[in-house]
Structure formats: C-alpha cells, structure tokens
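The structure under discussion appears below in the form of structure tokens.
Laboratory data are not the source of any read-out in this text; all were calculated from the coordinates shown. Source: prediction; values computed, not measured. Every residue, glycine among them, receives a Cβ derived from its backbone with ideal geometry; neighbour counts consider all protein chains shown.
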Amino acid sequence: MLSEYSSRDRELTQNFHEALLTYFCQAFDDSLQDLLYECSFGFAPSPTGEQTFFIIASSLDDTEELVNVAERLVGKIMDLMPGISKLALCCQPPQTSAREAIDRPNFLYGRIVAVPRFSLE
C-alpha cells in the first residue's frame, strides 16, 4: 500500500527542484544566468500528456532572448531532465491595472520547443 504524501515528501520534492533549477541556471554564461534567475519555472503535462518545462519571463524582450538561445536550453534540458519532452518559453508581464487584466491573457507564449530524446537503439 502506498504511504500518504507527507509534508516531508513535499519538502524533499521542493528541495530537489530548487537544486535542479539552480544547477540548470548555473550551466550557462553570466548574462544568461542573470536572465534565468529573473524567470519563474514550472513543470506540467501538456494536453497530450507530454511533460513540459516552463520558463516564464517577465517581459516579451526577455522571452525573445530565451527564444534566441532555445537550442542551448534544450541541450541542457536533455542532459539534466530526461523525462521532459517540451520546453515552453513564456511571458507573464506585470499587470498595471484591473482593466488591463481583462484585455489580455495572463500568459503570452513565446515558443514551445520539442526536446528530442536520446535513442539507444
């Protein structure tokens, strides 16, 4: 029988993700590290069930910078996160008014990139 998910399990999962994301960010040059440290991250399945790694920037310009280095990001994802099959580079600009929140979506997607899987055949 499976044990109940405890707060200790949650803490270990959070610590693992924090260490993984720190290691991921530190794998790049200083300017890209600085950009990544300003981002938020997440993991979620796509509508078809594929595991997706989200990098959420705070501006469209930052998202464009990430799109420009998507190949490098995908390479490191392949090294560190073998279960991830998609990378979503997103933008969540700050809202300045309640009216603005109604006029635009919370997330503007810059790009979704497939992460190739290694085949040992």
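Hey, any hits in the range 53-65 for a residue that's within 14 Å of Gly110 (Cβ to Cβ), aliphatic (A, V, I, L, M) and surrounded by fewer than 17 Cβ atoms within 10 Å (Cβ to Cβ)?
yes
State the number of residues belonging to the range 18-52 that are without any contact (Cβ under 8 Å) to a residue 24 or more places away in the chain, surrounded by fewer than 14 Cβ atoms within 10 Å (Cβ to Cβ) and under 13 Å from the mean Cα position of the chain (by Cα).
6
Among what's in the range 3-17 and is among the polar types (S, T, N, Q) and loosely packed, with under 10 Cβ neighbours inside 10 Å, pick the residue that is farthest from the chain's Cα centre (by Cα).
Here is the first cut: in the range 3-17, the ones among the polar types (S, T, N, Q) are 3, 6-7, 13-15.
Applying the additional criterion that residues be loosely packed, with under 10 Cβ neighbours inside 10 Å yields 3, 6-7.
Values: Ser3: 29, Ser6: 25, Ser7: 24 Å.
Among those residues, the one meeting the criterion is Ser3.
Which condition does Thr48 not pass, out of (1) under 17 Å from Leu87 (Cα atoms); (2) in contact with a helix residue (DSSP H, G or I) (Cβ under 8 Å, 6 or more places away or on another chain), if it passes all the others?
Failing condition for Thr48: (2).
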